[in-house]
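Engineer: Okay, handing you the structure first.
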Amino acid sequence: MSNYFSPFVLPFLFGVIALIVICLIKYIRWYKQFDRLQKTILLKNIFSLRFLSAIWETVMEALFHRKIFKRNFLLGYMHASIALGWFLLIVVGAIESELALETDKPFWIGIFYRYFIHDPQAFPNAHFFAHLMDFILLIVLSGVILAYVKSVFSRFFGMKKTSKHVVFDRFAKFSLWLIFPLRLISESFTAALYNNGGFLTQGLGDLINYSVADILEIPAWTLYSFALGTFFVAMPFSRYMHIFTEVILIFLRKWGLSENENVSGFTMYELSACSRCGICIDNCPLYKDLKLQGVQSIYFLRDLRYKRPKEEIADNCLMCMRCMAECPVGLDLMTIRRQLRNKKELDTNDNYKYIDNLQSFNSIGRVIYFAGCMSHLTPGIIDAMLTIFDKVDQKYWFMDKDKTICCGRPLMQQGFTIQASELRRKNTQLIKQSGANMLITSCPICYQSFKKEYNLPIQVMHHTEYIHMLIKSGKLKVRKDDLKVVYHDPCELGRACGIYQQPRQILKTISTLLKTKNEKENSLCCGYNLGNTVIEPEQQGEIRNAALGSLIAKNPDVIATACPMCKKAFKRATNCNVKDIAELVKENMIL
Amino acid sequence: MKKVAIIGAGPAGIEAASILANQQVEVLLFEKSLNTLSNMLDKAYLFPDFSPANDLVDKLNKKLLHQQITLFTGTEITDVKKDGKEWKVIDAKGMSYIVSAVLLTSGYSVFDAKRKEELGYGIYNGVITSIDLEKMIKYNQIENSMGDKPKRIVFLQCVGSRDEKSGNNYCSKICCVTAVKQAIEVKKLLPDTDVYIFYMDLRMWGQSFEEMYRESQEKYDVSYVRGRISEAASTFDKKIQIKAEDTLLGVPLKMTTDLLVLMVGMEASCGTKTLAETLHIKGEYGFAKSLNCHLQDNETTQQGLFIAGSCKRPMGINETLADARSASVIIMDYINAMQENDK
Ligand SMILES: Cc1cc2nc3c(=O)[nH]c(=O)nc-3n(C[C@H](O)[C@H](O)[C@H](O)COP(=O)(O)OP(=O)(O)OC[C@H]3O[C@@H](n4cnc5c(N)ncnc54)[C@H](O)[C@@H]3O)c2cc1C
Ligand code: SF4
């Protein structure tokens, strides 16, 4: 038995062992739930050098919380001070014990160092370490105080729905809040007795009566140990599971894993990596504009983690990706949502028998133009594109002019994955047979589908990319108009595919482009995204009006967009001109 | 005698002006366009009796030649305020007029078909609205975009009405019968042209409407298809190709046509919307709201402020005129009571 043992260490020891065992069981179970492909990818990459960048990311995100800092300084400070501070307490405590002791060094010694090592000069510079440890503790305490304040105020945000599983959250949270104040008190008592504290603990210790300290020292350390033990046992069942899981997730991602069509072990890691910071709530249009609660990603993931997902919540999401752009853990929230929409078992395949009669068209030397179903409802866009093709003498096959099928993405969004893959199969066949070398589409929904869900051997462009290329190469000559224009980034083109520059460059060439409040990743959804099948048209209108308000704030002459859906949404509600970039380019072509 | 301001010289405004004037009330009639009856000028014939619209315009305008009526054309009323017991009516140039009562007859305007881009209005020349067709009939110039006589004309009902997506859930009430009227007139002028009407359901509610509908089929061979057109596109020879579903047969359907006529619905006019808003009498869809649709259908929550005609809801001319006459009676009661009080 070590010299450095006291019965009060037991709760801590028990907690650590429980924590390790439970985490291992969970992680191994989730690993087993990986599908075969995920396992192969993992094994292929696990011994590559990618772990270096994973370590870097771990430090930046899991310790410094860089992304949260960027969004919200206070929140970032809160997370970083606790995470990084605690980490340093452990590391510096370990160094301290390493320096002070020779052979008998049980692993808990760093945690209870001051109780066991009374000599303030146990090793050279021991004083410095005492001050350093106090300083770190002070930082952690400041974070804990912030967390406390935030919790009192975020009650008003409805972030705490009581439920039996969240009981673990409560245990974990209260014990976490107690750990560091208790450590402060225990160390101060010991300092009062042995003068071995740093500036903080000794400062407090000097205020404490010797005999009081003598009586309360052991109870205080016992409580500290209990707080630690409770936290460790509750942690794997609470949201604090994110502390370890986030790190593992960073590694898994670096090794090439990602979500796939179904809930898998990877999904389980993602669910537990959510720290329920709540950043996704404030930016969700359903909350911001409609005050709907309980449907946001934070709630959705929580329900899913505790195995009580609700179908209507899975469906009640615009899939605008606003939350994904904000999520500090970078969770693939859209795919997880889709996994739960899976309606594979519904047999509607008979509806797709007709597609086998569709014929391809010999398009060697041509491009394919795929307008998209939505563009057929905004014929102005199609008209503009066909005019532009003629203008630059580009021969094309208008693939979905007449008899045609959809790209499949709207079905996918709703969870009809088999049906969607039927459509993709047929479209791929038609495109390959045609011999064309490029596909241009006017609809960001189709664009995302062709780009990410198909595996086409030819180049896929959205028409803004194509037009930008034409203008840049000098093939298409345009003039500058004196119109003031604002640009609305469509969700599916911007956040989903990262096309931000080309539309802006085109607009700068043909008009005066005004800045708006919500640009690029922060662009607001027009509300008519096909993702949501639950909300009512009036509610879509509310979301649209919010986006519209931010666009027309500077009184532009034209609202330009690059998506037929957004165009239709805005056109219904404003007298301001709403045009697709293609239409504006057509109007400004030099003949 | 007391003064009454009437805002809008459409059928409702003129009819009320003439009745009140005959009762020795002094009427100030304001019209924002340069001509009275701005919504009637390009109409050819009127349902249900196919009387020339010009006749009605002439007869109504004649009623305005009355000592007691002062007509202000080109005068848009932008604000109306209560001023003690009186009312203050203010025009766009800032002139104000003090009157004892106000009658709002600022009428309707039609749905802007460009808002339903999928139907191609403003993009393809072959897509026109019922207003455009009314003019073509009036001047006997029914032509497609190439200047040729159309071989086929397709009408589409309920454009901007009964349509959640365009925000108008109500039925505009007069476009079904207007389509029947226009179809018959097209056939009278161009007997060899095929005419199709695409409808959700046909609402032949008024006197002799049903007979007109039957006649259009039996005598004029107009074809009716139940189904909504989802989109229009242009063909290489500048015709219009429509896609629809025949909901009786349950089959999708495609058709090419020389002209596609959109039967645009009636919305509250811009004047109606703004005045109803400032006067706190805004009802559904921006129309003006009466106190009670049975017993006080010309009165409003504001004492001395009355409403009549299509600024309340979509209606045809005979209903509009009857409504104007009923408003006049109520206004006379109001003025007489005021004069009693003054004594
Ligand atoms: C295509 C079409 C065909 C039709 N055919 C027929 C038919 O055959 N038979 C039939 O019975 N009905 C027909 N109608 C309906 C008919 O047009 C209306 O019933 C009638 O015009 C309603 O009259 P009103 O006086 O209420 O309003 P309006 O005719 O709209 O008159 C309102 C007047 O107020 C003026 N105004 C508005 N705001 C202001 C302001 N702020 N200040 C001053 N003036 C203002 C306007 O300029 C307008 O002149 C048809 C309608 C349409 C759309
Ligand atoms: S009158 Fe006929 S066409 Fe007009 S909105 Fe009503 S049903 Fe539709």
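Engineer: Note the direction-averaged projected area, equal to a quarter of the hull surface, for the Cα convex hull of chain B, in nm².
Structural biologist: If you wrap the Cα atoms of chain B in a convex hull and average its projections, you get 18.1 nm².
Engineer: A further question on this structure: For B:Leu253 and B:Glu86, compute 0.36 nm times the residue count separating them, minus their Cα-Cα distance, and round to one decimal in nm.
Structural biologist: The B:Leu253-B:Glu86 span can extend by a further 54.1 nm.
Engineer: DSSP beta bridges in chain A, what fraction antiparallel, as a percent rounded to 5?
Structural biologist: Around 5 percent antiparallel, to the nearest 5.
Engineer: Turning to a different aspect of this structure: Between 0 and 90 degrees, rounded to the nearest ten: what's the tilt of helix A:210-234 against the longest Cα principal axis of chain A?
Structural biologist: Helix A:210-234 and the main axis of chain A meet at about 30 degrees.
Engineer: Related question: Rg/Rh for the range A:249-347: what does it come to with C-alpha atoms and Rh from Kirkwood?
Structural biologist: Values: Rg = 13.2 Å, Rh = 13.8 Å.
We get a ratio of 0.95 for the range A:249-347.
Engineer: Follow-up. Going 7 Å from the Cα of A:Leu514 in the Cα-to-Cβ direction, what parts of the range A:526-562 have a backbone nitrogen less than 16 Å from that spot?
Structural biologist: A:547-561
Engineer: What whole-number distance in Å separates the alpha-carbon centres of the range A:565-591 and the range A:391-409?
Structural biologist: Using only Cα atoms, the two centres lie 21 Å from each other.
Engineer: Taking a 20 Å limit on the Cα-Cα distance, which of the listed pairs A:Lys480/A:Lys579; B:Lys59/B:Lys138; B:Lys93/B:Lys282 fall beyond it?
Structural biologist: B:Lys93/B:Lys282
Engineer: Order of B:25-36, A:224-235 by packing, highest average Cβ count within 10 Å first?
Structural biologist: A:224-235, B:25-36
Engineer: Same structure, new question: Over chain B, what is the percentage of antiparallel beta bridges among all DSSP beta bridges, to the nearest 5? Mind dumping the intermediate values first?
Structural biologist: On the way: 31 of 64 bridges.
DSSP beta bridges in chain B are roughly 50 percent antiparallel.
Engineer: Would you work out if the range B:184-264 is rounded, prolate or oblate? Take a ≥ b ≥ c from the square roots of the eigenvalues of the alpha-carbon gyration tensor; rounded if a/c is under 1.5, else prolate when a/b is larger than b/c, oblate otherwise. Could the numbers behind the result be given before it?
Structural biologist: Numbers: a/c = 2.19, a/b = 1.37, b/c = 1.60.
Oblate, because a/c is 1.5 or more while a/b does not exceed b/c.
Engineer: What lysines does B:Lys63 reach when the alpha-carbon gap must be under 22 Å and sequence neighbours fewer than 8 apart in one chain are set aside?
Structural biologist: Partners found: B:Lys2, B:Lys3, B:Lys32, B:Lys43.
Engineer: Right, here's the next one. If you take the Cα atoms of the range A:16-87, find Rg, then find the Kirkwood Rh from the mean of 1/r over all pairs, what is Rg/Rh?
Structural biologist: Rounded to two decimals, Rg over Rh is 1.10.
Engineer: Excluding residues on the same chain fewer than 8 positions from B:Lys88, give the aspartates and glutamates whose Cα lies under 12 Å from its Cα.
Structural biologist: Those aspartates and glutamates meeting the cut-off are B:Asp79.
Engineer: Output the peptides B:252-262, A:576-586, B:223-233 sorted from most to least packed, where packing is the average of other Cβ atoms within 10 Å over each peptide's residues.
Structural biologist: Highest mean packing first, the order is A:576-586, B:252-262, B:223-233.
Engineer: Within a Cβ distance under 13 Å of B:Ser290, other residues only, what is the Lys/Arg minus Asp/Glu net charge?
Structural biologist: Net charge around B:Ser290: 0.
Engineer: Further, regarding this structure: Enter the Cα centre distance for the pair the range A:110-146 and the range A:481-509, rounded to the nearest angstrom.
Structural biologist: 54 Å
Engineer: From the phi of every residue in the range A:286-292, what ³J(HN,Hα) in whole Hz does the Karplus formula 6.51 cos²θ - 1.76 cosθ + 1.60 yield, where θ is phi - 60° and glycine or proline is x?
Structural biologist: 5, 8, 4, 9, 10, 6, 7
Engineer: Kindly provide the helix-only [θ] at 222 nm of chain A, computed as the sum of -39,500 (n - 2.57) over DSSP H runs of four or more divided by all residues, to the nearest 500 deg cm²/dmol?
Structural biologist: Estimated from H runs of four or more residues: -16500 deg cm²/dmol.
Engineer: Further, regarding this structure: Mind sorting A:Asp119, A:Asp383 by how few other Cβ atoms lie within 10 Å of their own Cβ, fewest first?
Structural biologist: Working: A:Asp119 10, A:Asp383 18.
In increasing order of surrounding Cβ atoms, one gets A:Asp119, A:Asp383.
Engineer: Which lysines have a Cα lying under 21 Å from the Cα of A:Lys395, excluding residues fewer than 8 positions away in the same chain?
Structural biologist: Filter leaves A:Lys403, A:Lys432, A:Lys472, A:Lys475, A:Lys477, A:Lys586, B:Lys238.
Engineer: Rounded to the nearest 0.05, what FRET efficiency do B:Lys243 and A:Ser6 give with R0 = 56 Å and r taken as the Cβ-Cβ distance? Could you check?
Structural biologist: Taking R0 as 56 Å, the efficiency between B:Lys243 and A:Ser6 is 0.10.
Engineer: Follow-up. Going from the alpha-carbon gyration tensor of the range A:86-133, what semi-axes, largest first and in whole Å, does one get by taking the root of 5 times each eigenvalue?
Structural biologist: Whole-Å semi-axes of the equivalent ellipsoid: 14, 14, 9.
Engineer: Only bridges with both residues in the range B:113-265 count here: give the DSSP antiparallel percent, nearest 5.
Structural biologist: 45 percent
Engineer: Efficiency by 1/(1 + (r/R0)^6): what FRET value for A:Arg308 and A:Val149, r their Cβ-Cβ distance, R0 = 41 Å, to the nearest 0.05? Provide the component values of the computation, followed by the final result.
Structural biologist: Values: r = 31 Å, r/R0 = 0.76.
According to the calculation, E is roughly 0.85.
Engineer: Take every Cα-Cα distance within the range A:477-587, group them into 10 Å bins from 0 onward, and report for each bin the whole-number percent of pairs it holds.
Structural biologist: Computed distribution, short to long bins: 15, 51, 29, 5, 0.
Engineer: Same structure, new question: Wrap a convex hull around the Cα atoms of the range A:353-468, take a quarter of its surface area, and give that in square nanometres.
Structural biologist: 6.9 nm²
Engineer: I would also like to ask the following. So what's the net charge close to B:Ser130: Lys and Arg +1, Asp and Glu -1, counting the other residues with Cβ under 12 Å from its Cβ?
Structural biologist: Cβ neighbours under 12 Å give a net charge of -1.
Engineer: Still on this structure, I have one more. What is the P(r) of chain A, as percent of Cα-Cα pairs per 20 Å bin from 0?
Structural biologist: 17, 42, 26, 12, 2
Engineer: Can you give the calculated 222 nm mean residue ellipticity of chain B, where each DSSP H run of n ≥ 4 adds -39,500 (n - 2.57) and the sum is split over every residue, rounded to the nearest 500 deg cm²/dmol?
Structural biologist: Values: 7 runs with 92 residues, N = 343.
Per the formula, -8500 deg cm²/dmol.
Engineer: May I have the count of lysine pairs in the range A:245-345 with C-alpha atoms under 24 Å apart, counting pairs 8 or more residues apart or located on different chains? Numbers along the way, then the final one.
Structural biologist: Working: A:Lys288/A:Lys310; A:Lys291/A:Lys310; A:Lys307/A:Lys343; A:Lys307/A:Lys344; A:Lys310/A:Lys343; A:Lys310/A:Lys344.
Going through the range A:245-345 pair by pair, I get 6.
Engineer: Efficiency by 1/(1 + (r/R0)^6): what FRET value for A:Lys477 and A:Leu530, r their Cβ-Cβ distance, R0 = 30 Å, to the nearest 0.05?
Structural biologist: Numbers: r = 36 Å, r/R0 = 1.21.
Step by step, r from the Cβ atoms, then E = 0.25.
Engineer: How long is the gain from B:Asn318 to B:Gln296 if the chain were fully straight, where each residue apart is worth 0.36 nm and the alpha carbon distance is subtracted?
Structural biologist: 6.0 nm
Read-outs throughout are calculated quantities, based only on the coordinates presented, and are distinct from any laboratory measurement. Here the structure is a predicted model, which is why all the values come from computation and not from measurement. Here the Cβ is made from the backbone with ideal geometry for all residues, glycine too, and neighbour counts use every protein chain on show.
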